[in-house]
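Beneath this line is the structure, given in structure tokens, with notes to follow.
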């Protein structure tokens, strides 16, 4: 399976079918090992030029966001499969492998009506992906909370101070935040015992610290610590409680395995939803950038290619050759204007595209 694709649109001079035939012939003749597919984009509402320009400013940022969420869920799947010993499954969208979904893309009219304004479609796509990302954070947090180990075996009796007025709490501090903890814990509330924090344990992600303070400010301390990203836990050191804690830990481990399995199944489904939304967004992006590049009415051929690294220059040359000379001159002029603007400052590049190709092109990285 290829993991890196170009999404390209070429200006149509006569007919899309004849241009497609030319492209197939050129690729077959000069770079026959480059997979080539049509990328079918429906007739979308154009709106005004101002609305397209405003939308184009956000397209690159939105694409980075969606790609990032896709990769985040993929990495979570790989990690869950690794720690659970589950055989890796091919990622799919409604049962279709993701690479096939991309190369045989079909717009989902029921999900994203083409009569809706483009901005409304983009906002809807972005909102769905953002909600899935939020859900992932919540589910990861639940899994992490259950995974927090029993702390009693890390605490000795001499680490704990308990009296009528004083109490010792345990702080779970992200490893990268230890300097922040040491610099701030004494001021999170009043009546914290100075220099009372002692590190008991550290792993790859967290460090465990004690802190001693007056009973009456413990709740305030917990609240202030939580706002800064520190988890505060109570602990009562008691040898008699060890057996109870052991049983609790066994239950937590069982719950953790159940949550991992549930999270993995959720990730499989959510990855497909994010990938589908991302591909619909790419279709909108091709449409917008093609109009801004080639003008109205919309007349372009969109396709997906996956050239090998050694053939990239050759394929780019073939694509450029299929663009009309007028288009090439326009892009050269744009490149000249952008070069001048980099000196003087002011003009925004066409469709936010930093590459001065005479055709629309951007990359999709599946991993």
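The values are calculated or read from the model by the stated rules, or taken from the named source; none is laboratory data. Source: prediction; values computed, not measured. Cβ atoms come from the backbone with ideal geometry, glycine included; neighbour counts cover every protein chain shown.
Yes or no, residue by residue, for (1) part of a loop (DSSP other than H, G, I, E, B); (2) closer than 21 Å to residue 107 by Cβ:
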site	(1), (2)
264	no, no
268	no, no
275	no, yes
296	yes, yes
301	no, yes
304	no, yes
310	no, no
314	no, no
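Of all residues in segment 80-103, those that are free of Cβ contacts under 8 Å to residues at least 12 places away in the same chain have Cβ atoms under 6 Å from Cβ atoms of residues that are part of a helix (DSSP H, G or I), 6 or more apart or on another chain, in 88/81. Only one of the listed residues (61, 111) is outside any helix (DSSP H, G or I) and either modelled with pLDDT under 95 or within 27 Å of the chain's Cα centre (by Cα) (or both). That residue is 111. Among the residues in segment 6-26, are any surrounded by 15 or more Cβ atoms within 10 Å (Cβ to Cβ), more than 28 Å from residue 315 (Cα to Cα) and touching a residue at least 40 places away in the same chain (Cβ under 8 Å)? No, that holds for no residue.
The lone criterion from (1) out of contact with any helix residue (DSSP H, G or I) (no Cβ under 8 Å at 6 or more places or on another chain); (2) under 18 Å from residue 269 (Cβ atoms) left unmet by residue 91 is number (1).
Within segment 29-48, the residues that satisfy the criterion of being surrounded by 12 or more Cβ atoms within 10 Å (Cβ to Cβ) and more than 22 Å from residue 106 (Cβ to Cβ) are 30, 31, 34, 47.
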